[in-house]
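Here's the structure, in structure tokens; my notes come after.
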Amino acid sequence: MPDADLSLAVPSVFFGAVGTAGQRCTSTRRLYLHKDVASEFLDRLQKLYKSVIPGDPLIDSTLLGPLHTRSACDAYGKAINHLRTSGAEILTGGNKYNNSALDSGNFVEPTIAIPKNNDPDMDPIWRTETFAPILNVAIFDNLDQAIDWNNRVPQVRQLLARLL
């Protein structure tokens, strides 16, 4: 929302999306940004993404370790390919790291993408669990629009149905 404290929100989204290489069920996959803060928010977030040093996650300064398997890298690649072929804007990332020190591991770049279509019924990227550091961003005009997009994600609909 326009009154968001970006000094708190940006690092929180960054850790939620990139921490543990996005390989936990609670990792941040979808981000809805109000149009009034989207540009500044994404500028700050991209700076953090570009500061990531991949490596051994047991070292305190390392936030991004490898994906757990080769098939996880393949799933990351398929999701990135889908984003590219569907016309998404890739703001940062979208590749396997090209670094000889990382060649023996499943290291992928954390990615921020703005899919062309924000409708989860029309674009499967909104309902796909990649278990990789891919953050899909939708920019909304009003809160009702963001709530509608989010509530149409099948996993959210199922949760709401159980709760209500």
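The condition (being within 17 Å of the chain's Cα centre (by Cα) and among the polar types (S, T, N, Q)) is satisfied by just one residue among 86, 71, 61: 86.
Contact map, the stretch 85-102: residues that are at pLDDT 90 or above paired with residues that are part of a loop (DSSP other than H, G, I, E, B) and of a type in the set (S, T, N, Q), Cβ distance under 9 Å, separation 6+ or inter-chain. Pairs shown: 86/117; 87/117; 88/117.
Here residue 14 passes the criteria (1) free of Cβ contacts under 8 Å to residues at least 40 places away in the same chain; (2) crowded, with 17+ Cβ neighbours inside 10 Å; (3) farther than 30 Å from residue 152 by Cα except the one numbered (3). In the set (1) assigned to a loop (DSSP other than H, G, I, E, B); (2) farther than 20 Å from residue 10 by Cα; (3) in contact with a strand residue (DSSP E or B) (Cβ under 6 Å, 6 or more places away or on another chain), the condition left unmet by residue 120 is number (3).
Counting the residues of the stretch 136-150 that are surrounded by 12 or more Cβ atoms within 10 Å (Cβ to Cβ) and part of a helix (DSSP H, G or I) gives 6. Under the condition of being in a loop (DSSP other than H, G, I, E, B), out of contact with any helix residue (DSSP H, G or I) (no Cβ under 9 Å at 6 or more places or on another chain) and not acidic (Asp, Glu), the residues counted in the stretch 1-53 number 4. Scanning the stretch 136-154 for residues that are modelled with pLDDT of 90 or more and in contact with a Phe, Trp or Tyr (Cβ under 7 Å, 6 or more places away or on another chain) returns 136, 138, 140. So is residue 37 of a type in the set (A, V, I, L, M) and buried (at least 19 other Cβ atoms within 10 Å of the Cβ) or not? Answer is no for this residue. From the list 120, 115, 133, 110, the lone residue that is at pLDDT below 80, under 18 Å from the mean Cα position of the chain (by Cα) and surrounded by 15 or more Cβ atoms within 10 Å (Cβ to Cβ) is 120.
The values are calculated or read from the model by the stated rules, or taken from the named source; none is laboratory data. Please read all numbers here as calculations on a predicted model, not as lab measurements. Methodologically, a virtual Cβ is constructed for each residue, glycine included, from the backbone with ideal geometry; neighbour enumeration extends over all protein chains shown.
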